[in-house]
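Structure record follows, encoded as structure tokens.
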Amino acid sequence: MSFNPQSNLLSVEIAGIRFNNPVLTASGTCGYGLDMTELIDLNKLGGVCTKGLSAKPMRGNAPWRIVETHGGMLNAIGLQNIGARAFVEEKLPELRKYDTRVIPNVFGYTVEEYIEAIEILEDGEGIHGYELNISCPNVKAGGESFANDARQAAAVTEAVKRASTRPVIVKLSPNVTDVAAIARAVESAGADALSLINTAIGMAIDINTRRPRLANVTGGLSGPAIKPIAVRCVFQASRAVRIPLIGIGGIATTEDALEFIIAGASAVQVGTANFYDPAATMKIVDGLAEYCLRNGLENISALFGTVILE
Ligand SMILES: Cc1cc2nc3c(=O)[nH]c(=O)nc-3n(C[C@H](O)[C@H](O)[C@H](O)COP(=O)(O)O)c2cc1C
């Protein structure tokens with residue numbers, strides 16, 4: 001069965017954004033969306049989260065930047081990107097021709113840098129909301145990641161909300177002791193939705209050279225290996241906040257997506273799976289529609305957060 005994009009079965013509203021279906025591509029795994037057009041139908045995708053954008057272009061880290069692991073991969077790309085201005089001028093005009101929601105992922109190394117990037121993106125026509133990657137070191141606060149400290153996470157959220165006319169989705173990190181506490185802080189600071197999780201920090205060593213396999217020494221672990229951590233984070237956040245959640249982490253199949261939705265997510269993002277199964281998002285859209293029909297659900301939202309604990 002192929003899902004009819006006009007059907008209401010899968011349409012969801014998150015942070016005031018109406019998505020045709022709850023399946024998005026995750027930041028950093030599909031460039032600026034346009035790289036995927038030869039492989040998938042963007043009109044059938046709920047939304048595209050772009051590679052992280054900063055106010056100025058960035059070259060990223062030296063190689064090696066990617067290492068395969070069991071059930072996943074480690075990456076330390078170093079947030080290479082073309083910059084917010086080039087995105088608005090070169091990518092957005094093409095991207096807005098598609099019937100999909102466009103969510104630029106935004107980062108900075110100070111609160112001011114986030115604002116600078118947002119101010120450039122505010123000029124862009126065809127952007128539906130922003131996703132804030134707060135897993136970046138705040139160079140003005142000792143280099144601790146914004147995502148690891150409730151006060152820093154709230155401060156950047158609040159500042160971006162003030163600078164933005166569009167909904168703001170804040171992307172949480174699993175590399176924290178209490179993800180619920182960060183979720184609550186970010187919600188109080190005005191976030192319209194949360195997406196979780198970003199990668200889990202990992203490391204790999206070449207036993208022959210005894211050197212780290214990534215030039216950056218550590219990197220972000222992604223793929224099926226992190227799925228149970230991500231489901232747990234979504235579940236805990238769903239108990240802590242009222243704003244909608246977007247689940248991310250190791251999603252490769254319809255069953256994976258359903259697990260996140262039942263845990264409390266209103267949508268999902270597919271990341272690493274795009275590298276080994278570029279059609280994964282399309283299969284998940286069809287699979288979710290099929291599941292709804294088979295179970296007599298009028299809309300996928302009937303499943304949100306329906307995990308049974310007793
Ligand atoms: C190569 C690569 C680049 C990524 N770049 C970004 C990025 O620029 N911004 C961001 O917020 N997340 C980035 N991520 C994290 C993903 O968006 C996602 O949160 C994470 O990989 C977990 O999902 P997955 O297991 O489906 O890949 C990147 C992940 C990978 C694998």
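Bear in mind that the values in this text are calculations on the coordinates, not laboratory data. Quick caveat, the model's predicted, so the values are computed rather than measured. Cβ atoms come from the backbone with ideal geometry, glycine included; neighbour counts cover every protein chain shown.
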Looking at (1) under 24 Å from Val285 (Cβ atoms); (2) among the small types (Gly, Ala, Ser); (3) outside any helix (DSSP H, G or I), find the lone condition where Gly202 falls short. (1)
Quick check: anything in segment 18-37 closer than 24 Å to Ala200 by Cβ and of a type in the set (Phe, Trp, Tyr)? no
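Would you please name the residue that is farthest from the ligand (Cβ to nearest atom), looking only at residues in segment 24-58 that are assigned to a helix (DSSP H, G or I) and charged (D, E, K, R)?
So in segment 24-58, the residues assigned to a helix (DSSP H, G or I) come out as 34-36, 42-44.
Now drop any that are not charged (D, E, K, R), which leaves 35, 44.
Values: Asp35: 13, Lys44: 19 Å.
Checking each candidate, the answer is Lys44.
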With respect to Asp35, is the statement that it is in contact (Cβ under 8 Å) with a residue 40 or more places away in the chain, of a type in the set (Asp, Glu) and surrounded by fewer than 21 Cβ atoms within 10 Å (Cβ to Cβ) true? no
So which residues in segment 235-256 are hydrophobic (A, V, I, L, M, F, W, C) and within 11 Å of the ligand (Cβ to nearest atom), if there are any at all? Ile246, Ile248, Ile251, Ala252
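Out of all the residues in segment 164-209, which are of a type in the set (D, E, K, R) and closer than 21 Å to Ile103 by Cβ? Before the answer, list the steps.
Of segment 164-209, the ones of a type in the set (D, E, K, R) are 166, 171, 178, 184, 187, 192, 206.
Arg166, Lys171, Glu187, Asp192 - these are the residues of segment 164-209 that are of a type in the set (D, E, K, R) and closer than 21 Å to Ile103 by Cβ.
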List every residue pair whose Cβ atoms sit under 7 Å apart, with the two residues 6 or more apart in sequence or on different chains, where the first one lies in segment 219-232 and is at positive phi and the second, anywhere, is outside any strand (DSSP E or B) and near the ligand (Cβ under 8 Å from one of its atoms). Gly223/Gly250; Gly223/Thr272
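Can you report the number of residues in segment 74-95 which are in contact with a strand residue (DSSP E or B) (Cβ under 6 Å, 6 or more places away or on another chain) and not in a loop (DSSP other than H, G, I, E, B)? Reasoning before the result, please.
In the first step, residues of segment 74-95 are kept if they are in contact with a strand residue (DSSP E or B) (Cβ under 6 Å, 6 or more places away or on another chain); the result is 74-76, 79-81, 84, 87, 95.
Adding the requirement that they be not in a loop (DSSP other than H, G, I, E, B) leaves 74-75, 81, 84, 87, 95.
Of the residues in that region, 6 qualify.
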Return the total of residues in segment 164-214 being more than 14 Å from the ligand (Cβ to nearest atom), of a type in the set (A, V, I, L, M, F, W, C) and closer than 19 Å to Gln152 by Cβ. 9
From the list Gly52, Gly78, Gly47, which residue is surrounded by fewer than 16 Cβ atoms within 10 Å (Cβ to Cβ), within 19 Å of the chain's Cα centre (by Cα) and in contact (Cβ under 8 Å) with a residue 12 or more places away in the chain? Gly78
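State the number of residues belonging to segment 215-230 that are among the polar types (S, T, N, Q) and near the ligand (Cβ under 10 Å from one of its atoms).
Keep residues of segment 215-230 that are among the polar types (S, T, N, Q), which gives 216, 218, 222.
Filter once more, so that each one left must be near the ligand (Cβ under 10 Å from one of its atoms): 222.
Number satisfying all stated conditions: 1.
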Select from segment 258-279 the residues that are within 13 Å of the ligand (Cβ to nearest atom), crowded, with 24+ Cβ neighbours inside 10 Å and assigned to a helix (DSSP H, G or I) and list them in ascending order. Phe260, Ala273
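Taking the condition part of a helix (DSSP H, G or I), in contact with a helix residue (DSSP H, G or I) (Cβ under 7 Å, 6 or more places away or on another chain), surrounded by fewer than 22 Cβ atoms within 10 Å (Cβ to Cβ) and touching a residue at least 40 places away in the same chain (Cβ under 8 Å), does Glu119 pass? Show your work before the answer.
Working: part of a helix (DSSP H, G or I): yes; in contact with a helix residue (DSSP H, G or I) (Cβ under 7 Å, 6 or more places away or on another chain): yes; surrounded by fewer than 22 Cβ atoms within 10 Å (Cβ to Cβ): yes; touching a residue at least 40 places away in the same chain (Cβ under 8 Å): yes.
Judged against the criteria, Glu119 is a match.
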